[in-house]
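See below for the structure under consideration.
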Amino acid sequence: MMTDGAVKMKKYALPIGLLAVFEAIAVTLWLTKDNIFYLFNFNYIGISLSLGVFLYIKKYKYARRIVQLLVGLYMLVYLGLICNENMQIEGFWYYLFTGVFEAATIHYAVAKIFGPLLFGRGWCGYACWTAMALDFLPYKTPEKPRKKLGFIRYITFAASLIFVAALFLAKVGNIEKIMFWAFIVGNVLYYAVGIALAFIFRDNRAFCKYICPITVFLKPMSYFSVFRIKCDKEKCVDCGKCKKVCPMDVDVTDNSRKRKNATECILCMECVKSCPKDAL
Ligand code: SF4
Ligand code: SF4
Ligand code: SF4
């Protein structure tokens with residue numbers, strides 16, 4: 001029989017484990033790269049995420065929104081605007097071409113390329129500073145069926161790559177400064193287009209569904225995600241509440257990896273919270 005302490009430890013195993021993983025990354029990068037920034041950076045993100053999971057366990061309504069603001073603002077304001085690191089996809093191409101292992105490269109590797117194999121599109125639900133703002137808009141669940149406009153993401157993806165490659169090929173001077181301004185202009189554009197689309201399609205996440213170039217990385221990797229929301233068919237009564245609240249139109253009652261909009265799940269947990277039978 002488990003003691004009270006053991007029961008509590010089990011309940012909070014996820015936030016504690018999350019903190020431990022980020023602490024390990026923080027210390028490893030700090031020591032191997034001899035840069036204290038990594039210790040601070042990964043500790044901050046680890047603490048923010050663990051706090052969010054802890055608040056979710058405590059059934060606090062705004063747990064996810066708090067994590068979004070803590071991580072999103074840190075990346076946008078501190079890393080982007082104060083440390084002058086272009087954290088958008090152009091910054092990733094830039095650091096990749098220069099061969100510099102900077103915050104943007106690490107950030108993409110952890111959050112958007114290899115991380116999704118483990119935690120799917122958790123980035124989109126808990127950390128993205130674009131969605132952090134879009135999630136304040138009034139259309140939390142889409143009012144109309146999804147449009148067939150997903151092809152636009154490949155155009156924006158190619159445009160970002162061509163833009164940075166052209167700067168290198170044309171041997172433009174002071175690319176670093178251009179990248180800083182590209183970060184500011186890019187973010188202003190993302191917010192403007194994202195907010196406009198949310199109102200046009202009456203869907204806060206329209207930008208994520210049709211435009212965002214990062215989904216070109218996120219979608220295929222999250223297909224294999226270890227962490228997924230699954231449905232207990234024994235408990236499910238097919239009431240459809242989970243599908244009604246889903247901001248990404250995922251058919252969460254289908255457990256296969258090929259379920260409708262499978263690679264769109266942002267792990268927001270709205271379906272889990274809405275299920276009257278605890279089937280998710
Ligand atoms: S799809 Fe793009 S804009 Fe939307 S949350 Fe994910 S990374 Fe952010
Ligand atoms: S409501 Fe459920 S299925 Fe939809 S995005 Fe959120 S966690 Fe994923
Ligand atoms: S909300 Fe729960 S019971 Fe209703 S369809 Fe979804 S999983 Fe089944």
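Each value in this text was obtained by applying a stated rule to the coordinates, not by laboratory testing. This structure is a prediction, so every number in the text was calculated from the model and none was measured. Heads up, the Cβs are rebuilt from the backbone with ideal geometry, glycines too, and the neighbour counts pull from every protein chain shown.
For the reader, a short list of remarks on this structure follows.
- Relative contact order of the stretch 73-118, pairs being alpha-carbon contacts under 8 Å that are 6 or more residues apart, as %: 25 percent
- For the chain, the relative contact order works out to 19 percent when only alpha carbon pairs closer than 8 Å and six or more residues apart are counted.
- Note on the stretch 228-280: Rg/Rh from Cα positions, Kirkwood definition for Rh, rounded to two decimals, is 0.90.
- Members of K148/K219; K10/K243; K140/K241; K209/K277; K61/K258 lying beyond 19 Å, as alpha-carbon distances in this model show: K10/K243; K209/K277; K61/K258
- The stretch 200-250 and the stretch 74-147: distance between their alpha carbon centers, rounded to Å: 17 Å
- Computed per residue of the chain from DSSP H runs no shorter than four, each worth -39500 (n - 2.57), the mean residue ellipticity at 222 nm is -17000 deg cm²/dmol.
- Where no second cysteine Cβ lies under 4.7 Å, the cysteines concerned in the chain: C83, C124, C128, C208, C212, C231, C236, C239, C246, C265, C268, C275
- Pairs of alpha carbons in the stretch 1-60 whose separation is greater than 13 Å (percent): 63 percent
- Taking every C-alpha pair closer than 8 Å and separated by at least 6 residues, the mean separation divided by the residue count of the stretch 74-230 gives a relative contact order of 39 percent.
- Compactness of the chain is given as radius of gyration and Dmax, 19.6, 70 Å, from Cα positions.
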